[in-house]
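The values are calculated or read from the model by the stated rules, or taken from the named source; none is laboratory data. Predicted, not measured: the structure shown is a model, and the values here were computed from it. So basically every Cβ, Gly included, is an ideal-geometry build from the backbone, and we count neighbours across all protein chains shown. Accessible surface is based on the protein model in full, side chains and every heavy atom, while ligands, DNA and RNA are left aside. Shrake-Rupley method; radii C 1.70, N 1.55, O 1.52, S 1.80 Å.
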Amino acid sequence: MEQRTYNQYCATARTLDIVGERWTLLLVRELLTGPKRFGDLGASMRGLGTGLLAARLKHLEREGLVRKITLPPPARTPAYALTEAGEDLGPAVMALARWGMTWAMGERRETETFHPGWTVLGLRACFEPEGAAGLRAVYEFRVGDEVFHARIDDGTIEALHGPAQHPDATITISEEALVALTGTCGTFAEAIRDGSASASGDPEALRRLAGLFRLPAPGSRKPAG
(Lines give C-alpha, C1' and ligand atoms only; values in the text may rest on other atoms or scores of the structure.)
Protein backbone atom coordinates (compact mmCIF):
# COMPACT_ATOMS: atom_id res chain seq x y z
CA MET A 1 0.00 0.00 0.00
CA GLU A 2 1.51 3.29 -1.12
CA GLN A 3 2.06 5.71 1.73
CA ARG A 4 0.69 9.18 1.14
CA THR A 5 2.67 12.23 2.18
CA TYR A 6 2.10 15.94 2.56
CA ASN A 7 5.61 16.61 1.19
CA GLN A 8 6.18 19.36 3.74
CA TYR A 9 9.36 19.80 5.77
CA CYS A 10 7.35 20.48 8.94
CA ALA A 11 7.16 18.48 12.18
CA THR A 12 3.35 18.47 12.17
CA ALA A 13 3.18 17.31 8.54
CA ARG A 14 5.85 14.65 9.10
CA THR A 15 3.91 13.35 12.11
CA LEU A 16 0.67 13.20 10.13
CA ASP A 17 2.52 11.36 7.35
CA ILE A 18 3.11 8.61 9.94
CA VAL A 19 -0.09 8.57 12.02
CA GLY A 20 -2.62 10.52 9.96
CA GLU A 21 -4.14 7.59 8.05
CA ARG A 22 -7.58 6.36 9.15
CA TRP A 23 -7.49 3.90 12.09
CA THR A 24 -3.80 4.48 12.83
CA LEU A 25 -4.17 6.67 15.93
CA LEU A 26 -6.98 4.43 17.19
CA LEU A 27 -4.57 1.49 17.08
CA VAL A 28 -2.13 3.56 19.14
CA ARG A 29 -5.02 4.27 21.55
CA GLU A 30 -5.64 0.54 21.95
CA LEU A 31 -1.98 -0.23 22.61
CA LEU A 32 -1.50 2.60 25.13
CA THR A 33 -3.22 0.37 27.71
CA GLY A 34 -0.88 -2.55 27.11
CA PRO A 35 0.06 -5.19 24.52
CA LYS A 36 -2.77 -6.70 22.48
CA ARG A 37 -3.13 -9.78 20.28
CA PHE A 38 -4.27 -9.36 16.70
CA GLY A 39 -7.69 -10.81 17.56
CA ASP A 40 -8.06 -8.48 20.55
CA LEU A 41 -7.41 -5.46 18.33
CA GLY A 42 -9.90 -6.68 15.77
CA ALA A 43 -12.58 -7.27 18.42
CA SER A 44 -12.32 -3.73 19.78
CA MET A 45 -12.05 -2.08 16.35
CA ARG A 46 -15.30 -3.17 14.74
CA GLY A 47 -15.49 -1.87 11.20
CA LEU A 48 -11.77 -2.39 10.58
CA GLY A 49 -11.29 -5.45 8.34
CA THR A 50 -8.50 -7.92 9.07
CA GLY A 51 -6.66 -7.01 5.87
CA LEU A 52 -6.54 -3.30 6.67
CA LEU A 53 -5.71 -4.04 10.33
CA ALA A 54 -2.71 -6.10 9.21
CA ALA A 55 -1.64 -3.34 6.82
CA ARG A 56 -1.88 -0.64 9.50
CA LEU A 57 0.12 -2.74 11.98
CA LYS A 58 2.82 -3.39 9.37
CA HIS A 59 2.95 0.36 8.70
CA LEU A 60 3.36 1.12 12.40
CA GLU A 61 6.07 -1.57 12.70
CA ARG A 62 7.89 -0.14 9.68
CA GLU A 63 7.74 3.35 11.18
CA GLY A 64 9.10 2.15 14.52
CA LEU A 65 5.98 2.78 16.62
CA VAL A 66 4.91 -0.85 17.18
CA ARG A 67 6.83 -4.08 17.75
CA LYS A 68 5.86 -7.74 17.90
CA ILE A 69 6.23 -9.50 21.23
CA THR A 70 5.25 -12.80 22.87
CA LEU A 71 2.96 -12.48 25.87
CA PRO A 72 4.30 -14.00 29.10
CA PRO A 73 2.90 -17.26 30.53
CA PRO A 74 0.27 -18.55 30.66
CA ALA A 75 -0.72 -16.90 27.35
CA ARG A 76 2.57 -17.28 25.41
CA THR A 77 0.92 -15.93 22.25
CA PRO A 78 2.13 -13.32 19.72
CA ALA A 79 1.00 -9.77 20.36
CA TYR A 80 1.76 -6.15 19.49
CA ALA A 81 3.18 -3.49 21.81
CA LEU A 82 4.20 0.13 21.45
CA THR A 83 7.84 1.09 21.18
CA GLU A 84 9.27 4.06 23.07
CA ALA A 85 8.32 6.30 20.14
CA GLY A 86 4.79 4.87 20.15
CA GLU A 87 4.39 5.38 23.89
CA ASP A 88 5.51 8.98 23.41
CA LEU A 89 2.30 9.58 21.43
CA GLY A 90 0.33 9.04 24.65
CA PRO A 91 0.06 12.73 25.65
CA ALA A 92 -1.10 13.66 22.13
CA VAL A 93 -3.80 10.96 22.17
CA MET A 94 -4.92 12.02 25.65
CA ALA A 95 -5.08 15.66 24.54
CA LEU A 96 -7.30 14.63 21.61
CA ALA A 97 -9.51 12.68 24.02
CA ARG A 98 -9.92 15.66 26.34
CA TRP A 99 -10.67 17.94 23.39
CA GLY A 100 -13.26 15.47 22.17
CA MET A 101 -14.97 15.30 25.56
CA THR A 102 -15.54 19.05 25.37
CA TRP A 103 -16.14 19.64 21.69
CA ALA A 104 -17.11 16.37 19.97
CA MET A 105 -18.93 13.86 22.16
CA GLY A 106 -22.57 14.63 22.87
CA GLU A 107 -25.04 11.75 22.73
CA ARG A 108 -24.20 8.42 21.16
CA ARG A 109 -25.32 7.98 17.55
CA GLU A 110 -27.24 4.85 16.59
CA THR A 111 -24.49 3.69 14.24
CA GLU A 112 -21.65 4.10 16.75
CA THR A 113 -20.08 1.12 18.50
CA PHE A 114 -18.88 1.31 22.09
CA HIS A 115 -16.31 -0.82 23.90
CA PRO A 116 -16.21 -0.60 27.72
CA GLY A 117 -12.44 -1.10 27.64
CA TRP A 118 -12.03 2.36 26.15
CA THR A 119 -12.94 3.67 29.60
CA VAL A 120 -9.42 2.83 30.79
CA LEU A 121 -8.00 5.78 28.86
CA GLY A 122 -11.13 7.77 29.70
CA LEU A 123 -10.31 7.45 33.40
CA ARG A 124 -6.86 8.88 32.74
CA ALA A 125 -8.27 11.71 30.63
CA CYS A 126 -10.89 12.69 33.25
CA PHE A 127 -8.65 12.30 36.29
CA GLU A 128 -8.57 15.21 38.75
CA PRO A 129 -5.17 15.17 40.55
CA GLU A 130 -6.36 17.74 43.10
CA GLY A 131 -9.25 15.49 44.11
CA ALA A 132 -6.82 12.63 44.73
CA ALA A 133 -4.45 14.53 47.02
CA GLY A 134 -3.43 12.32 49.95
CA LEU A 135 -5.44 9.34 48.67
CA ARG A 136 -4.01 5.87 48.13
CA ALA A 137 -6.65 3.44 46.92
CA VAL A 138 -7.37 0.88 44.21
CA TYR A 139 -10.73 0.90 42.42
CA GLU A 140 -11.97 -2.04 40.38
CA PHE A 141 -14.59 -1.41 37.68
CA ARG A 142 -16.81 -4.13 36.22
CA VAL A 143 -18.83 -3.47 33.05
CA GLY A 144 -20.40 -6.67 31.78
CA ASP A 145 -17.51 -9.05 30.98
CA GLU A 146 -14.99 -6.21 30.99
CA VAL A 147 -12.92 -5.62 34.15
CA PHE A 148 -10.36 -2.87 34.69
CA HIS A 149 -8.92 -0.99 37.62
CA ALA A 150 -7.38 2.30 38.65
CA ARG A 151 -4.62 2.73 41.22
CA ILE A 152 -4.65 6.17 42.85
CA ASP A 153 -1.49 7.31 44.63
CA ASP A 154 -1.57 10.84 46.04
CA GLY A 155 -2.56 12.76 42.92
CA THR A 156 -1.46 10.23 40.31
CA ILE A 157 -3.37 7.49 38.49
CA GLU A 158 -2.49 4.20 36.85
CA ALA A 159 -5.44 2.71 34.95
CA LEU A 160 -5.10 -0.77 33.48
CA HIS A 161 -7.13 -3.59 31.99
CA GLY A 162 -7.84 -6.60 34.20
CA PRO A 163 -8.92 -7.11 37.81
CA ALA A 164 -7.12 -5.59 40.79
CA GLN A 165 -5.44 -7.94 43.26
CA HIS A 166 -6.76 -6.21 46.37
CA PRO A 167 -9.28 -3.49 45.43
CA ASP A 168 -10.33 -1.04 48.12
CA ALA A 169 -13.60 -0.43 46.29
CA THR A 170 -15.50 -2.21 43.51
CA ILE A 171 -17.85 -0.46 41.11
CA THR A 172 -20.23 -2.47 38.93
CA ILE A 173 -22.15 -0.65 36.21
CA SER A 174 -24.11 -1.64 33.12
CA GLU A 175 -22.82 -0.71 29.69
CA GLU A 176 -25.92 1.42 29.06
CA ALA A 177 -25.38 3.40 32.26
CA LEU A 178 -21.70 3.88 31.43
CA VAL A 179 -22.61 5.23 27.98
CA ALA A 180 -25.07 7.63 29.62
CA LEU A 181 -22.35 8.89 31.98
CA THR A 182 -19.93 9.34 29.09
CA GLY A 183 -22.48 11.37 27.18
CA THR A 184 -23.30 13.44 30.30
CA CYS A 185 -26.90 12.12 30.15
CA GLY A 186 -26.87 10.86 33.73
CA THR A 187 -24.94 10.68 36.98
CA PHE A 188 -23.43 7.83 38.94
CA ALA A 189 -25.79 8.59 41.84
CA GLU A 190 -28.76 8.18 39.48
CA ALA A 191 -27.36 4.88 38.22
CA ILE A 192 -27.04 3.67 41.82
CA ARG A 193 -30.64 4.66 42.55
CA ASP A 194 -32.12 2.91 39.50
CA GLY A 195 -30.08 -0.25 40.08
CA SER A 196 -27.90 -0.05 36.96
CA ALA A 197 -24.80 0.47 39.12
CA SER A 198 -23.56 -0.59 42.54
CA ALA A 199 -20.53 0.16 44.70
CA SER A 200 -18.95 -1.65 47.63
CA GLY A 201 -15.79 -1.49 49.68
CA ASP A 202 -13.98 0.93 51.94
CA PRO A 203 -16.32 3.84 52.85
CA GLU A 204 -13.57 6.48 52.64
CA ALA A 205 -12.46 5.27 49.18
CA LEU A 206 -16.06 5.37 47.99
CA ARG A 207 -16.58 8.84 49.46
CA ARG A 208 -13.54 10.17 47.59
CA LEU A 209 -14.59 8.58 44.28
CA ALA A 210 -16.88 11.46 43.29
CA GLY A 211 -13.95 13.92 43.31
CA LEU A 212 -11.52 11.78 41.31
CA PHE A 213 -12.99 12.04 37.83
CA ARG A 214 -14.64 14.95 36.10
CA LEU A 215 -16.02 15.21 32.57
CA PRO A 216 -15.42 18.66 31.08
CA ALA A 217 -18.48 20.77 30.36
CA PRO A 218 -19.53 20.29 26.71
CA GLY A 219 -18.95 23.22 24.39
CA SER A 220 -20.51 24.22 21.10
CA ARG A 221 -18.34 24.45 17.99
CA LYS A 222 -20.79 26.89 16.39
CA PRO A 223 -19.95 30.58 16.92
CA ALA A 224 -22.22 32.36 19.38
CA GLY A 225 -25.07 34.17 17.62
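Just a few scattered comments:
- Taken as Cα centroids, the stretch 204-225 and the stretch 106-122 sit 17 Å apart, rounded to the nearest whole angstrom.
- Rg ratio for the stretch 51-137: its Cα radius of gyration over 2.2 N^0.38 Å, N being its residue count, equals 1.41.
- Calculated from backbone phi, Karplus (6.51, -1.76, 1.60) coupling profile of the stretch 204-210 in Hz, x at Gly/Pro: 5, 4, 5, 5, 7, 4, 4
- As a calculated quantity, the FRET efficiency between T70 and R221 at R0 = 41 Å, using C-beta atoms, amounts to about 0.35.
- Highest mean packing comes first when the peptides 101-109, 40-48 are listed by Cβ atoms within 10 Å, giving 40-48, 101-109.
- Percent accessible area from carbon and sulfur atoms, the stretch 57-96, protein chains only, probe 1.4 Å: 57 percent
- Each residue of the stretch 22-29 was assigned a 3J(HN,Hα) from its phi angle through the Karplus expression (A = 6.51, B = -1.76, C = 1.60, θ = phi - 60°), giving 4, 6, 5, 5, 5, 5, 4, 3 Hz with x at Gly and Pro.
- For A159, the residues whose amide H sits under 5 Å from its own are R151, ignoring neighbours fewer than 5 places away on the same chain, with H placed 1.01 Å from N.
- Residues of the stretch 177-208 with amide N under 14 Å of the 7 Å Cα→Cβ point at E128: 188-189, 207-208
- In sequence order, the stretch 172-180 has phi-based couplings of 10, 8, 6, 4, 5, 5, 5, 4, 4 Hz under the Karplus curve 6.51 cos²θ - 1.76 cosθ + 1.60, θ = phi - 60°, and Gly or Pro positions carry x.
- Each Lys and Arg adds +1 at its Cβ and each Asp and Glu adds -1 at its Cβ; summed about the Cα centre, the stretch 37-166 shows a dipole of about 540 debye.
- Surface accessible to a 1.4 Å probe, per residue, for the residues of the stretch 1-152, Å²: 59 Å²
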